[in-house]
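A quick write-up on the structure given underneath.
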Amino acid sequence: MANRFTDTDKWKKPWFRKLSPTDKCFWQYLIDNCNHAGIWEVDFELAEVFIGTSLDIEEIKKIFIKQFIELNQGKKWLIKDFIPFQYKKGLNPENRVHASVIALLKKEGAIKGLTRGLQARKDKDKDKDKDKDKDKEAKNKVKYLEFVLLTAEEHQKLVDKYSKEATQGLIERLNNYIGSKGKKYASHYHTILAWADKDKPQKRSIGGRL
């Protein structure tokens, strides 16, 4: 027997409150009888047995159209909010239960387009850390001329590598290019390095040898 979280506040929500008693019962049946990936193998005949009354299938589809996605030509339903609700911290592939959920979603072709609840918490934390690092790096950068951004460390590395005069020339060159073309670069430092490398005189082969 599976133990699951249940939304006790659903009784206060207008969409659920307006359902008929039969439709409320069907929704609860659906939540209890889908698998741990939120996928229900469509069987209205069995649902009618447990609910104790006949069901208007087409009407039910219209009523719950926002709550499910049809899979395998309608033979299965994926309950949209099941994973975000049951796995609030996201799915972690290193967790055996979560890994089996991901495997089921992939098997049924349901993982594509499902945007919520699929990212493991640690991955979210990694993304946050990356964003923090980027913000920190951006704050540490100094603007040279109108457009070129470099950290003090990056600027010193360029000076050490190419001399102060050459570095200033490279900065001016990049600044003018950005100003005239409106180009954007992930790293002005690495762009300068790449340009300087291209400026190096190329060795020519003589008689097939360098």
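The values are calculated or read from the model by the stated rules, or taken from the named source; none is laboratory data. Small disclaimer: the values here were computed from a predicted structure and weren't measured. FYI the Cβ positions are ideal-geometry reconstructions off the backbone, even for glycines, and counts take in every protein chain you see.
Quick look at the numbers
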{"read-out": "Residue satisfying all of: in segment 148-163; farther than 13 Å from residue 188 by Cβ and surrounded by 12 or more Cβ atoms within 10 Å (Cβ to Cβ); nearest to the chain's Cα centre (by Cα) among these", "value": "156"}
{"read-out": "Residue 24 vs. criteria within 13 Å of residue 81 (Cβ to Cβ) and surrounded by 10 or more Cβ atoms within 10 Å (Cβ to Cβ)", "value": "no"}
{"read-out": "Strands (runs of 3 or more DSSP E) fully within segment 37-108 counting 3 or more residues that are without any contact (Cβ under 8 Å) to a residue 60 or more places away in the chain", "value": "68-71, 76-79"}
{"read-out": "Residue that is modelled with the lowest pLDDT [pool: residues in segment 1-28 that are more than 18 Å from residue 79 (Cα to Cα) and assigned to a loop (DSSP other than H, G, I, E, B)]", "value": "1"}
{"read-out": "Any hit, segment 89-108, residues being within 26 Å of residue 23 (Cα to Cα), surrounded by 13 or more Cβ atoms within 10 Å (Cβ to Cβ) and of a type outside the set (D, E, K, R)", "value": "no"}
{"read-out": "Conditions (1) modelled with pLDDT of 90 or more; (2) part of a helix (DSSP H, G or I); (3) of a type outside the set (A, V, I, L, M): number failed by residue 123", "value": "(1)"}
{"read-out": "Pick from segment 29-76, criterion more than 20 Å from residue 2 (Cβ to Cβ) and of a type in the set (Lys, Arg), ranking: modelled with the lowest pLDDT", "value": "66"}
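Residue by residue, here is whether (1) modelled with pLDDT under 90; (2) assigned to a helix (DSSP H, G or I); (3) of a type in the set (Asp, Glu); (4) crowded, with 16+ Cβ neighbours inside 10 Å holds:
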{"site": "133", "(1), (2), (3), (4)": "yes, yes, yes, no"}
{"site": "137", "(1), (2), (3), (4)": "yes, yes, yes, no"}
{"site": "143", "(1), (2), (3), (4)": "yes, no, no, no"}
{"site": "170", "(1), (2), (3), (4)": "no, yes, no, yes"}
{"site": "176", "(1), (2), (3), (4)": "no, yes, no, no"}
{"site": "190", "(1), (2), (3), (4)": "no, yes, no, no"}
